[in-house]
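**Q** Could you have a look at this structure, given as structure tokens, before my questions?
Just so you know, all these numbers are worked out from the coordinates, no wet-lab data involved. As the structure is a prediction and not an experimental result, all values here were calculated from the model. Ideal geometry is used to build each Cβ from the backbone, glycine not excepted, and the neighbour counts take in all protein chains shown.
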Amino acid sequence: MRTMIAGLMLAGILLAAPLAQAENPIVIKFSHVVAENTPKGQGAQKFAELVEERLAGRVVVEVFPNSQLYGDNKVLEAMLLGDVHLAAPSLSKFKRYTKKLQLFDLPFVFGDIAAVERFQRSPEGKTLLRSMEKRGLIGLAYWHNGMKQLSANRPLRVPADAKGLKFRIQASDVLAAQFRALGATPLKKPFSEVFTLLQTKGIDGQENTWSNIYSKKFFEVQDYITETDHGVIDYMVVTSTEFWRGLPGDVRTVLEQCIAEATAYANRVALEKAVSDRQKIVDSGRSTILTLSTDERVQWVEAMRPVWAQFEDVIDRELIEAALAANE
Ligand code: LMR
């Protein structure tokens, strides 16, 4: 009798196990700061859809755009506490965890996104994905946004035009040095505050990609955007080492495939939006886009490039060489 009861109980447990799994799926919270109609917003959404297709009942991805859950300053701390599981901060926002990624902030290292992509695929680029493991973070992929442009309420044709102006920057010492080299004042502010700061003239200008300038309406409160392509805003999709290693192996494998497909998708959106969002700004007539002559461009390079010397020791000269080689 006892054996029979024990057998029935065991059968009950075994039958209940898949149900319990379905009732308690693993929840992956993906927090980001940009709008949904951006490369990162679309990439996060695509990832959630792929997971829904392939791991329905086992994993649920909840995406929180527009700094709804965490802003720039808090998301990585929250990740280490287990309160959020995926994020894709700009490569400029990892300074507390590694100094190496400051490479991506050096002005005029990469000629275009194709060069950025080649570097990210190189052995050196891949190694950087693992550079924060000791600090509890794993990089799962790079996602593109695009090259940065400079905006202000005064036309910025040559570096001297930026002198004395206040520019919002991401929390990066390289970017601070870049604006100081122009005789301007850099202010580190979260992305969520940029529009209001521009609107209320708390700052005079900012640097960002076409998709961020368009989706957050910066072009409506900036009279001029200079097409400088002087730097890049790209992302690293990160998770906590503890969370990632704690996942069942089969789930992790499927999630890795979903990340790879979402990466390809986000990168296609990035290339498209760098063209289409720029065009939408032109069509709006709200902001004038200035293109630089070769001579003007050389002046920006000459004004900003000295910043490299301040950071090459911490970043590592060989890493900079590898990045430069990706332009060829
Ligand atoms: C910014 O702060 O300007 C960007 O990093 C925002 C983003 O995530 O693209």
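**Q** Hull surface divided by four, with the convex hull built on the Cα atoms of segment 103-175: how many nm²?
**A** 6.4 nm²
**Q** Cα gyration tensor of segment 145-184, axes a ≥ b ≥ c as square roots of the eigenvalues: rounded (a/c below 1.5), prolate (a/b > b/c) or oblate?
**A** oblate
**Q** Same structure, new question: Using just the alpha carbons, could you tell me how many Å³ per residue the convex hull of the chain encloses?
**A** Cα convex hull per residue, to the nearest whole number: 135 Å³.
**Q** Take segment 122-268, compute every pairwise Cα distance, and split them into 10 Å bins from 0; I just need the percent in each bin.
**A** For segment 122-268, the pair-distance distribution reads 10, 33, 27, 20, 8, 1.
**Q** Limiting things to C-alpha atoms, what are the Rg and the maximum Cα-Cα separation (Dmax) for segment 187-328, in angstroms?
**A** Over segment 187-328's Cα set, Rg and Dmax evaluate to 19.3, 57 Å.
**Q** Compute the FRET efficiency between residue 252 and residue 83 as 1/(1 + (r/R0)^6), taking r as their Cβ-Cβ distance and R0 = 22 Å, and round to the nearest 0.05.
**A** With R0 = 22 Å, the Cβ-Cβ based efficiency is 0.60.
**Q** I would also like to ask the following. Over 10 Å intervals from 0, what percent of Cα-Cα pairs in segment 185-267 sits in each interval?
**A** For segment 185-267, the pair-distance distribution reads 13, 34, 22, 21, 10, 0.
**Q** Sequence-distant or interchain residues sharing an amide H contact under 5 Å with residue 137, placed H: which?
**A** HN-HN under 5 Å from residue 137: 241.
**Q** Once R0 is set to 35 Å, what does the formula 1/(1 + (r/R0)^6) return for the Cβ-Cβ distance between residue 188 and residue 289, expressed as a FRET efficiency to the nearest 0.05?
**A** E between residue 188 and residue 289, to the nearest 0.05, is 0.85.
**Q** Whole angstrom only: what separates the Cα centroid of segment 107-179 from the Cα centroid of segment 243-315?
**A** What the calculation gives is 8 Å, centre to centre.
**Q** Counting Lys and Arg as +1 and Asp and Glu as -1, each charge on the Cβ, what is the dipole of the chain about the Cα centre in debye, to the nearest 20?
**A** About 660 debye.
**Q** For n ≥ 4 DSSP H runs only, could you compute -39500 (n - 2.57) per run for the chain, divide by its residues and tell me the 222 nm figure to the nearest 500?
**A** -14500 deg cm²/dmol
**Q** What do you get for GluC sites (Glu not before Pro) in segment 185-221 restricted to DSSP loop and a cutoff of at most 11 other Cβ within 10 Å of the site's Cβ?
**A** Passing sites in segment 185-221 do not exist.
**Q** Taking Cα pairs under 8 Å and at least six residues apart, what relative contact order does segment 18-325 come out at, in percent?
**A** Reported relative contact order: 26 percent.
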